[in-house]
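The values are calculated or read from the model by the stated rules, or taken from the named source; none is laboratory data. Here the structure is a predicted model, which means the values were calculated and not measured. Every residue, glycine among them, receives a Cβ derived from its backbone with ideal geometry; neighbour counts consider all protein chains shown.
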Amino acid sequence: MKARSALFSLSLLGALAVPMVAVGASPSGQDLYTQNCAMCHGANGKGAVPGAPDFTKAGGVLAQSDSVLSERILNGYQSKGSPMAMPPMKGQLNEHQVHEVLEYLHKTFGVAPANGSSSD
């Protein structure tokens, strides 16, 4: 009986150690990036497929305003000279989630957005 009780206690402690996500909680910007973006843009932000921009590059794509980036993420975008276009994410991400992803990208890759200018 003691062995069964000890196993139950260990099982209970193991269950308590698992982080709980509140029902209805939204995924973090990092989670959203990993699930929706990293396949093409890479976990390191340097681009995993031809034509995907390098997010770590100073003055690169992340230096554009968040409004320009949000528009391109939601509606898709074909970069000049890129062999393939970024598909629209409107059906997969909402505006709040795009904001979370952009916040994660700026924080992770250290590139601050511009105040409204667009380059590409």
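Under 7 Å between Cβ atoms, which residue pairs at least 6 apart in sequence (or on different chains) link something in the range 92-109 that is within 16 Å of Lys57 (Cα to Cα) with a partner that is of a type in the set (A, V, I, L, M) and loosely packed, with under 15 Cβ neighbours inside 10 Å?
Qualifying pairs under 7 Å: His106/Ala112.
Do the conditions hold for Gln92, that is, is it among the polar types (S, T, N, Q), at pLDDT 90 or above and either in contact with an Asp or Glu (Cβ under 7 Å, 6 or more places away or on another chain) or farther than 21 Å from Gly29 by Cβ (or both)?
When the stated conditions are applied, Gln92 does not pass them.
What pairs come up if the first residue lies in the range 39-51 and is charged (D, E, K, R), the second is assigned to a loop (DSSP other than H, G, I, E, B), and their beta carbons are under 8 Å apart, counting only those six or more places apart or on different chains?
Lys46/Asp54; Lys46/Phe55; Lys46/Thr56
Is one or more of the residues making up the range 42-54 under 17 Å from the mean Cα position of the chain (by Cα), β-branched (Val, Ile, Thr) and modelled with pLDDT of 95 or more?
Within the range 42-54 (the criterion being under 17 Å from the mean Cα position of the chain (by Cα), β-branched (Val, Ile, Thr) and modelled with pLDDT of 95 or more), the answer is no, since none of the residues qualifies.
Just to be sure I understand, how many residues within the range 55-104 are among the aromatic types (Phe, Trp, Tyr) and under 13 Å from the mean Cα position of the chain (by Cα)? So that I can check it myself, show each step before the final result.
Within the range 55-104, the subset among the aromatic types (Phe, Trp, Tyr) is 55, 77, 104.
Among the residues that remain, those that are also under 13 Å from the mean Cα position of the chain (by Cα) are: 55, 104.
The qualifying residues number 2.
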